[in-house]
Amino acid sequence: SIASADMDLNQLEAFLTAQTKKQGGITSDQAAVLGKFWKNHRAKIHESLINQSRWDNGLRNISWRVDLKSQSRHVDQINTPVAIVEMELGRNGQ
């Protein structure tokens, strides 16, 4: 719950307090350890969750242009716009 909500320190404190008051919940010592662990490793955990939630490939680069036909056998096709989009996909970190 802490990681999926990416809790800040105030949210974390409120959540852990609620967990200690809950029947069958955690002890205050466990809450202190969880709080300290989250404070020290929040960024790494958040990054790991984001990497796990992505598809294999990500968009690395995109370029586009619009071309107009300047010659054609049929007059009605002249100045017809054509969009060309180039997308480069790649795995995270490559």
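The values are calculated or read from the model by the stated rules, or taken from the named source; none is laboratory data. Quantities reported herein were computed from a predicted structural model and do not represent experimental measurements. Note: ideal-geometry Cβ built from the backbone for every residue, glycine included; neighbour counts use all protein chains shown. Each accessible area value is taken on the protein alone, full model and side chains, heavy atoms only, with ligands, DNA and RNA left out. Shrake-Rupley method; radii C 1.70, N 1.55, O 1.52, S 1.80 Å.
To keep it simple, each residue is scored yes or no on (1) in contact with a Leu (Cβ under 7 Å, 6 or more places away or on another chain); (2) assigned to a loop (DSSP other than H, G, I, E, B); (3) at pLDDT below 90.
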| position | (1), (2), (3) |
| --- | --- |
| Glu47 | no, no, yes |
| Trp64 | no, no, no |
| Asn79 | yes, yes, yes |
| Gln94 | no, yes, yes |
message: Report every pair of residues separated by at least 6 positions or lying on different chains whose Cβ atoms are under 8 Å apart, first residue within region 8-28 and more than 15 Å from Arg42 (Cα to Cα) and assigned by the TED database to the domain that holds Asn40, second at pLDDT below 90 and open to solvent by 90 Å² or more (accessible area, probe 1.4 Å).
response: Phe15/Ser1
task: All but one of (1) hydrophobic (A, V, I, L, M, F, W, C); (2) open to solvent by less than 90 Å² (accessible area, probe 1.4 Å); (3) under 15 Å from the mean Cα position of the chain (by Cα) hold for Leu12, so report the exception by its number.
output: (3)
query: Does Ile2 qualify as being open to solvent by less than 70 Å² (accessible area, probe 1.4 Å) and touching an Asp or Glu at 6+ places or on another chain (Cβ under 8 Å)?
result: no
- request: Within region 41-73, track down each residue that is within 30 Å of Asn10 (Cβ to Cβ) and surrounded by 10 or more Cβ atoms within 10 Å (Cβ to Cβ).
  value: His41, Arg42, Ile45, His46, Glu47, Ser48, Leu49, Ile50, Asn51, Arg54
task: Can you work out which of the residues in region 18-40 that are in a helix (DSSP H, G or I) and open to solvent by less than 70 Å² (accessible area, probe 1.4 Å) is farthest from Met87 (Cα to Cα)?
output: Thr20
